[in-house]
Amino acid sequence: LDALLRGAAEAGLAPGALAAFSGGEVRTLICGRGGGVDVDELRAHAQYTEDARTGFGHDHVVALWFWQAMADLGAAGVARVLAFATGSDRIPVDGFRPPLTLTHDAARTDALPVAHTCFNQIILSRASSYAAAARQLRCAVDNCASFELS
């Protein structure tokens with residue numbers, strides 16, 4: 001608690017400013033929104049590195065398979081993918097800034113997804129099937145050594 005108060009003072013908050021918040025509100029401000037990640041909300045706020053050459057965008061098969069795999073993962077799996085991509089298994093209190101960005105690497109086929117947590121980005125390759133795409137996503141997320149905020 002002392003470290004939190006010192007940090008608030010260093011950030012320029014007036015003494016007692018945190019008293020206006022409940023403990024749960026302070027936790028949300030620091031850690032993000034709890035209660036699970038809604039795949040539809042995540043998808044609605046996602047951005048795509050559009051590529052006219054490959055036609056990559058929200059309706060490209062690579063993106064569609066990614067979202068299908070996300071829906072099939074369940075709440076715990078979706079939280080792991082979010083941590084893989086962003087460094088946190090929670091949605092920040094102010095949403096996605098920067099947003100989750102999906103990028104297609106057309107030069108790679110059947111490769112594991114790559115994440116850049118500083119940019120909330122996942123780079124996806126084209127998979128030979130939906131089953132392969134889902135397996136690659138699970139493998140990357142389950143076996144990554146990542147930077148995580150907790």
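The values are calculated or read from the model by the stated rules, or taken from the named source; none is laboratory data. As the structure is a prediction and not an experimental result, all values here were calculated from the model. As a convention, Cβ positions derive from the backbone with ideal geometry for all residues, glycine included, and neighbour counts pool all protein chains shown. Remember, those area values only see protein heavy atoms, side chains included, never the ligands or the DNA or RNA. Shrake-Rupley method; radii C 1.70, N 1.55, O 1.52, S 1.80 Å.
I'm trying to understand the selection: among the residues of segment 114-135, which are within 14 Å of ALA63 (Cβ to Cβ) and touching a residue at least 24 places away in the same chain (Cβ under 8 Å)?
Matches in segment 114-135: GLN121, ILE122, LEU124, SER125, ARG126, ALA127, TYR130, ALA133, ALA134.
Quick one: is LEU82 under 28 Å from GLY7 (Cβ atoms), within 13 Å of the chain's Cα centre (by Cα) and not hydroxyl-bearing (Ser, Thr, Tyr)?
Yes: the conditions hold for LEU82.
Surrounded by 14 or more Cβ atoms within 10 Å (Cβ to Cβ), touching a residue at least 24 places away in the same chain (Cβ under 8 Å), in contact with a helix residue (DSSP H, G or I) (Cβ under 6 Å, 6 or more places away or on another chain) and not in a helix (DSSP H, G or I): does that describe VAL81?
no
Kindly evaluate HIS58 against the criterion of being within 24 Å of GLY36 (Cβ to Cβ), touching a residue at least 12 places away in the same chain (Cβ under 8 Å) and outside any helix (DSSP H, G or I).
Yes; evaluated as a whole, the condition is true for this residue.
Regarding segment 72-80, can at least one residue be identified that is touching a strand residue (DSSP E or B) at 6+ places or on another chain (Cβ under 9 Å) and within 18 Å of ALA44 (Cβ to Cβ)?
No, segment 72-80 contains no residue that is touching a strand residue (DSSP E or B) at 6+ places or on another chain (Cβ under 9 Å) and within 18 Å of ALA44 (Cβ to Cβ).
For VAL114, state whether it is open to solvent by less than 60 Å² (accessible area, probe 1.4 Å), touching a strand residue (DSSP E or B) at 6+ places or on another chain (Cβ under 8 Å), closer than 14 Å to GLN136 by Cα and not charged (D, E, K, R).
yes
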